[in-house]
Amino acid sequence: MSPAMSSASPAPSRLDLLAAMLRIRAYEERIVAFHDEGPFPHVCTSVGQEAAAVGVVSALRPDDQILTNHRSAGHLLARGADPGRLLAEVMGRSTGYCKGKSGTLHISAKELGVILTSTIVGGELSLAPGVALSRSMLGGEGIVVCFFGDGAACEGIFHESLNLASVWNLPVLYVCENNQWQAFVHRKETMTGDHVGPWAAAYGMDHLTVDGNDVEAVLEAATCAAAQVRQTRRPFLLEASTYRQRGHMEPHDQSYVDPAEIEAWLAKDPIDRLSARLLDAGELTPQGLEALRLQAREAMNAAAAFAQASPFPDPSELTTDVYA
Amino acid sequence: MSLMNAHEALGQALAEEMQRDSRVLMFGEGVATKRKDLLEAFGPQRVRNTPLAEGIIAGTAAGAAATGLRPVADLLFAPFLCFAMDGIVNSAGKLRYMSGGQFEFPMVILAMTGGGWTVGAQHNHNIEAWFVHSPGLKVVMPSTPADFKGLMKAAIRDDNPVLFFMDMALGFEPGEVPEGEWIVPLGQAAIRREGTDLTLISYAKTVHTCLAAADALAGQGLSAEVIDLRTLKPLDEATLLASVRKTGRAIVVHEAGALCGVGAEVAALLSEKAFDALKAPLVRITGPDAPAPSSYALEQAFMPQPAAIAQAGLDLVQRDALVGR
């Protein structure tokens, strides 16, 4: 079992949280580096959103299940995914979690409980109640966590999903990572108000909006929310207010974003904030921080080497796995 | 054997499969209201009403199927599937492949369609070919109460998503249905009438139209074979090819429009694999490229009729005589 998966009890240390965020950042930066080197598959990175992923996933138990979306690397890595197999999948190699048939956008890793990843915005919302229905009817204490963004919250399926989960009493922890951008459109153009969390009230559902760039705050909120879902078998909506620090996808382009907005959010970078806290508290030295960064980078370089050395799927794989 | 209609046959199939396998459940718009017998027998966990929200019904079926249940989702009328396309096509049809085979989607989507009830184009639209065109899905459209039962049992036991279309004009037509373990395997066509001069190929309601046409042709001295496809995907190529190699002439009949429809696929199949056996070009008799009307007179004109099929059969054979084959 990975450190992240077993970390629900006892609670992870602040250093664990930092290390987990640094791994995600290093993974995404490795992908950015690939793009700098030449043609590489398009990827939607989660740079800037590491605290939401690490905070929520660290609050889960091994028998919980996660549904995620196109911006999923943080969720997968926080759950203990092997970055080599992730990068292999991104690069369409047969050693990837989906045998190279997913690509970056739809990676599922059933062995980690990260299932049915859909890149149709809102697809994860449509699938979550059914997964939770299985949990309800087939037994077990696990809950279902559904990560989606503010963009998906503007899809009609958001309403259908939360409404059904509420009227059927399904154990879903909905996690809205409100990263302010819906592909190439700012959420101010598409939403009334700044937050998705309060929309839960319409479904008789409890909700909480948390500073999504403060990993400790996210962990605390997610622990409470997950415990409530576990106990009541009722859905809950947790909103993590965060920021997509890069363009919608790589290669990077933020020419349509107000530089002042980027600057304001970079000042709230989740990794910098926790690092500063640990340095101030004397729990970490600058040298220790640099060592953690280096460790994460080296792990991702090794992952990249594994992926690059992996074979492509055989052409005979083209039409396998279509039907059961 | 006992006499029952298609709705009753479906009910029997559902009850038997829910009895056999505790993972089978059914939900949809009014399911628990209309199927009181199932509700009483299996309880509210397994027989559920849903909101009128096709997107989440389909998505929920896909999510449940991938994680251990075997749902049957009733979406009422085929045009409502337009709201359910993401769950059916993008999730159930694709996520097995896209995940490298990590998931299975044993689920059935049930919907009614077809002329005869004058419900108009937003309750009647024969969209079965849309799903034939989508990978990962199977498509069934029966013509008899026995097949409604046998194909539904097979669909529930299949580990893939199955679109199960009911031609609503057939819902209350009685027919003999075998008791108990009656399974009609997916992908097997039925020869409803044997013949030697031409083959009439159809499915759902228009199988009966073809049988009436075959009667009329017999009166003219022509022997028409009638094939009921039953399953549109996978298509029973062997039965089709064997029949057309015998008769040399084929007419495909369906209520759905001709463009890129099942008839077009059958024509391509026969052209690719039985060209040498064909004595005449394939003929399609279908509904028009127009929304289904609600006026009784227009709806009757919309649906293929026996006289037109019989005339097309006569024309095909006479054409042979004219070109000396």
**Message:** Take the residues in the stretch A:104-121 that are facing chain B (nearest Cβ under 7 Å) and assigned to a helix (DSSP H, G or I); name whichever of them is modelled with the highest pLDDT.
**Reply:** A:K110
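Yes/no matrix, rows are residues, columns are (1) over 25 Å from B:F164 (Cβ atoms); (2) hydrophobic (A, V, I, L, M, F, W, C):
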site	(1), (2)
B:A190	no, yes
B:E194	yes, no
B:Y203	no, no
B:Q220	yes, no
B:S223	yes, no
B:D228	no, no
B:A258	no, yes
B:V262	no, yes
B:K273	yes, no
**Request:** Just one of (1) out of contact with any helix residue (DSSP H, G or I) (no Cβ under 9 Å at 6 or more places or on another chain); (2) within 14 Å of chain A (Cβ to nearest Cβ) trips up B:V207, so point out which.
**Result:** (2)
**Asked** Tell me, which residue of the stretch A:178-224 that is assigned to a helix (DSSP H, G or I) and within 25 Å of A:D253 (Cβ to Cβ) is nearest to the chain's Cα centre (by Cα)?
**Response** A:R187
**Prompt:** Taking the condition of a type in the set (D, E), over 20 Å from B:E265 (Cβ atoms) and out of contact with any Pro (no Cβ under 6 Å at 6 or more places or on another chain), does B:D197 pass?
**Reply:** yes
**Request:** Within the stretch A:48-62, count every residue that is surrounded by fewer than 24 Cβ atoms within 10 Å (Cβ to Cβ) and in contact with a Lys or Arg (Cβ under 9 Å, 6 or more places away or on another chain).
**Result:** 1
**Message:** Restricting to the stretch B:178-197, and then to whatever is in contact (Cβ under 8 Å) with a residue 40 or more places away in the chain and within 15 Å of the chain's Cα centre (by Cα), can you tell me which residue is surrounded by the fewest Cβ atoms within 10 Å (Cβ to Cβ)?
**Reply:** B:Q188
**Message:** I'm checking my understanding of the structure. Among residues of the stretch A:161-177 that are in a helix (DSSP H, G or I) and surrounded by fewer than 24 Cβ atoms within 10 Å (Cβ to Cβ), which one is farthest from the other protein chains (Cβ to nearest Cβ)?
**Reply:** A:S166
**Prompt:** of a type in the set (S, T, N, Q), modelled with pLDDT of 95 or more and crowded, with 24+ Cβ neighbours inside 10 Å - does that describe any residue in the stretch B:16-35?
**Reply:** no
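Pull up the stretch A:293-324, narrow it to residues that are charged (D, E, K, R) and surrounded by 14 or more Cβ atoms within 10 Å (Cβ to Cβ), then point me to the one that is nearest to the other protein chains (Cβ to nearest Cβ). Talk me through it step by step, then tell me what you get.
Of all residues in the stretch A:293-324, those charged (D, E, K, R) come to A:293, A:297-298, A:314, A:317, A:321.
With surrounded by 14 or more Cβ atoms within 10 Å (Cβ to Cβ) added as a condition, the list becomes A:293, A:297, A:317, A:321.
Numbers: A:R293: 33, A:R297: 29, A:E317: 9, A:D321: 4 Å.
Top of the filtered list is A:D321.
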**Message:** I'd like the full set of residues that are in contact with an Asp or Glu (Cβ under 9 Å, 6 or more places away or on another chain), surrounded by 24 or more Cβ atoms within 10 Å (Cβ to Cβ) and within 11 Å of chain B (Cβ to nearest Cβ), limited to the stretch A:64-100.
**Reply:** A:L67, A:G96, A:Y97, A:C98
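Quick one: in the stretch B:93-125, of everything that is in a strand (DSSP E or B) and either over 16 Å from B:Y203 (Cβ atoms) or more than 23 Å from the chain's Cα centre (by Cα) (or both), which residue is nearest to the other protein chains (Cβ to nearest Cβ)? Before you say what the answer is, go through the steps one by one.
Applying the first criterion (in a strand (DSSP E or B)) to the stretch B:93-125 yields B:107-113.
After this cut, where a residue has to be either over 16 Å from B:Y203 (Cβ atoms) or more than 23 Å from the chain's Cα centre (by Cα) (or both) as well, the list is B:107-110.
Values: B:M107: 9, B:V108: 14, B:I109: 13, B:L110: 16 Å.
Residue satisfying both the conditions and the ranking: B:M107.
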**Asked** Residues A:A299, A:A264: which one is small (G, A, S), part of a helix (DSSP H, G or I) and under 26 Å from A:G80 (Cα atoms)?
**Response** A:A299
**Prompt:** Does the stretch B:167-177 hold any residues that are in contact with a strand residue (DSSP E or B) (Cβ under 8 Å, 6 or more places away or on another chain) and surrounded by 24 or more Cβ atoms within 10 Å (Cβ to Cβ), and which are they?
**Reply:** B:D167
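Can you confirm whether the stretch B:69-77 contains a residue that is touching a His at 6+ places or on another chain (Cβ under 6 Å) and buried (at least 24 other Cβ atoms within 10 Å of the Cβ)?
Just the residues of the stretch B:69-77 that are touching a His at 6+ places or on another chain (Cβ under 6 Å), to begin with: B:77.
In the following step, the residues that additionally are buried (at least 24 other Cβ atoms within 10 Å of the Cβ) were identified as none.
For the stretch B:69-77, residues touching a His at 6+ places or on another chain (Cβ under 6 Å) and buried (at least 24 other Cβ atoms within 10 Å of the Cβ): absent.
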**Request:** Could you figure out which of (1) of a type in the set (F, W, Y); (2) outside any strand (DSSP E or B); (3) touching a His at 6+ places or on another chain (Cβ under 7 Å) isn't true of A:F158?
**Result:** (3)
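Select the strands (runs of 3 or more DSSP E) contained entirely in the stretch B:220-325, then report the ones holding at least 1 residues which are charged (D, E, K, R), out of contact with any Gly (no Cβ under 6 Å at 6 or more places or on another chain) and buried (at least 17 other Cβ atoms within 10 Å of the Cβ).
Numbers: elements: B:224-228, B:231-233, B:250-257, B:283-287.
Fully inside the stretch B:220-325 and qualifying: B:224-228, B:231-233.
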**Message:** Can you tell me which residue is farthest from the chain's Cα centre (by Cα) among those in the stretch A:122-143 that are more than 8 Å from chain B (Cβ to nearest Cβ), under 23 Å from B:T50 (Cβ atoms) and of a type outside the set (G, A, S)?
**Reply:** A:I143
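Can you give me the ranges of the strands (runs of 3 or more DSSP E) entirely in the stretch B:1-88 with at least 2 residues that are within 14 Å of chain A (Cβ to nearest Cβ)? Working first, answer last.
Numbers: elements: B:2-4, B:24-28, B:47-49, B:70-77.
Correct list: B:24-28, B:47-49, B:70-77.
The values are calculated or read from the model by the stated rules, or taken from the named source; none is laboratory data. Note that the structure is a prediction, hence the values are computed from the model and not measured. Glycine gets a Cβ as well: all are built from the backbone with ideal geometry, and neighbour counts include every protein chain shown.
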